[in-house]
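Worksheet for the structure shown next.
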């Protein structure tokens, strides 16, 4: 460093969804070592219980260690949300909460905060939350069943719901905090018509959870990114295959057209300004190659710039 300071990012504390804190103090006697890690994925019920090997982190003085785990079950699928690390929260004994128990969709959580020793947040398995259940007696209702961070496609396979369920649930959970920043699409069977999967719970440990069951408020977008550097990119088209999708939320007060415009391909701002002069402000929402860019007039690159460093569109569904 050119000067003695603890200001590596010049005061920046947020970079997009990323929150950054900095500490240049040496480890003191009151600082804890905690298990650290996050996970969010979907498994088949037959794969449980799950096990994992966490990393470790040194926490600032006064902070404790925390474990937070959420299991959401729909049919034969289970989604696990896991957050381990440092926390300002006060100590709390291990707590298992049944937010919703079947028939149909079920949601359980485990939370724990401790300071009595290093690595006291030692949860390394789903076993404390998971007990295999006997097969449920089938009812007469059939519903789409899906748990996915990528979006549930149209025509999702319907499954026979267990006895006691009367309605099909279709919602989006927004998960934020504790190192988690994701959306989870949920479809399954419920015993009553409601958009209250967690029975009013909005915080689970450091995790903030919001729920939306208005399908007009969220869209399924293509998702991906690509960056290529080579010669003749302004003359030779490059294509790509889009295999992933992601749900996005239009939000209150956003019209259908405006919400749809959020599901679009984004490129480098400097390139986009040139494209707007080329064919107006409209940008293709289903861009799958650089072909639409080839008809534009591109200014010559500075002679000092390498020919392989021409500005290249980074095609991505940034929602």
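Values in this text are rule-based calculations from the coordinates and carry no lab data. A quick note: this is a predicted structure, and the numbers were derived from the prediction, not measured.
For the reader, a short list of remarks on this structure follows.
- A quarter of the convex hull surface defined by the alpha-carbon atoms of segment 60-185 gives 8.8 nm² as the mean projection.
- Look at where the Cα atoms of segment 1-15 and of segment 103-153 average out, and the two centres are 41 Å apart.
- Rounded if a/c under 1.5, otherwise prolate or oblate - segment 122-226, Cα gyration tensor axes: oblate
- Binning the alpha carbon pair distances of segment 168-215 at 10 angstrom intervals from zero yields the distribution 27, 53, 20, 1, expressed in whole percent.
- Our compactness index for segment 1-126, the C-alpha radius of gyration over the empirical 2.2 N^0.38 Å, is 1.29.
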